[in-house]
Amino acid sequence: MTLVKWTPRTSLMNFNNDLDRWFDNFFDFRNDDYVSAITPVVNVEETENNFQISAELPGMEKKDIQISVENNVLSISGEKKFEEETKNKNYHRVERSYGKFHRSFKIPGGVDVNNIDASYKNGVLNLTLPKMEEAKPKQIEVKVK
């Protein structure tokens, strides 16, 4: 028989670990019963001349995507529709997400909103937000006296 010394600190740490594990399992959305809503993942990049936003929208058509700018907020929205043709199909599992989505981004000052360019290819939406000339960085020569 092995004797283990009981300490309150060990009991509290075990309780804390058990509680953490319980919450992790309770909020684990990777289980089989959960299907996430559509939220396109994006990359936002800044270059010297513009901002680039790329959003993954796989399985969507160009006509189902809307882009708007209002009050210095760029909005991307749309709807990914479920294939209605289900003749002779017996689904055992549906994990692909369908439905409406909406993402918004505050446009930084100095962006020329009248010349925003959008392209969509292979499930990726690319937006180019050009900077105005006065917003571009300028080199200033330092003179030594």
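The values are calculated or read from the model by the stated rules, or taken from the named source; none is laboratory data. Just so we're clear, the structure is a prediction, and the values are computed from it rather than from any experiment. Glycine gets a Cβ as well: all are built from the backbone with ideal geometry, and neighbour counts include every protein chain shown.
On the stretch given as the stretch 79-88, residues that are modelled with pLDDT of 85 or more and either in a loop (DSSP other than H, G, I, E, B) or of a type in the set (Val, Ile, Thr) (or both) total 0.
Please work out if Ser54 is surrounded by 12 or more Cβ atoms within 10 Å (Cβ to Cβ), assigned to a strand (DSSP E or B) and not aliphatic (A, V, I, L, M). Quick ask: steps written out before the conclusion?
Numbers: surrounded by 12 or more Cβ atoms within 10 Å (Cβ to Cβ): yes; assigned to a strand (DSSP E or B): yes; not aliphatic (A, V, I, L, M): yes.
Yes; evaluated as a whole, the condition is true for this residue.
Of a type outside the set (Lys, Arg), loosely packed, with under 12 Cβ neighbours inside 10 Å, assigned to a loop (DSSP other than H, G, I, E, B) and under 22 Å from the mean Cα position of the chain (by Cα) - does that describe any residue in the stretch 127-140? It would help to see each step written out before you state the result.
Looking only at the stretch 127-140, we keep the residues that are of a type outside the set (Lys, Arg), and these are 127-130, 132-135, 137, 139-140.
Checking which are loosely packed, with under 12 Cβ neighbours inside 10 Å leaves us with 133-134, 137, 139-140.
Right, trim to assigned to a loop (DSSP other than H, G, I, E, B) and you get 137, 139-140.
Next cut, under 22 Å from the mean Cα position of the chain (by Cα) only: none.
The answer is no; no qualifying residue exists.
Selection of the stretch 94-117 for residues being surrounded by 12 or more Cβ atoms within 10 Å (Cβ to Cβ) and assigned to a loop (DSSP other than H, G, I, E, B) yields Arg96, Ser97, Tyr98, Ile107, Pro108, Gly110, Asp112, Ile116.
From the list Tyr91, Tyr120, pick out the single residue that is at pLDDT 85 or above and not in a helix (DSSP H, G or I).
On the way: Tyr91 fails: at pLDDT 85 or above.
Matching residue, one of Tyr91, Tyr120: Tyr120.
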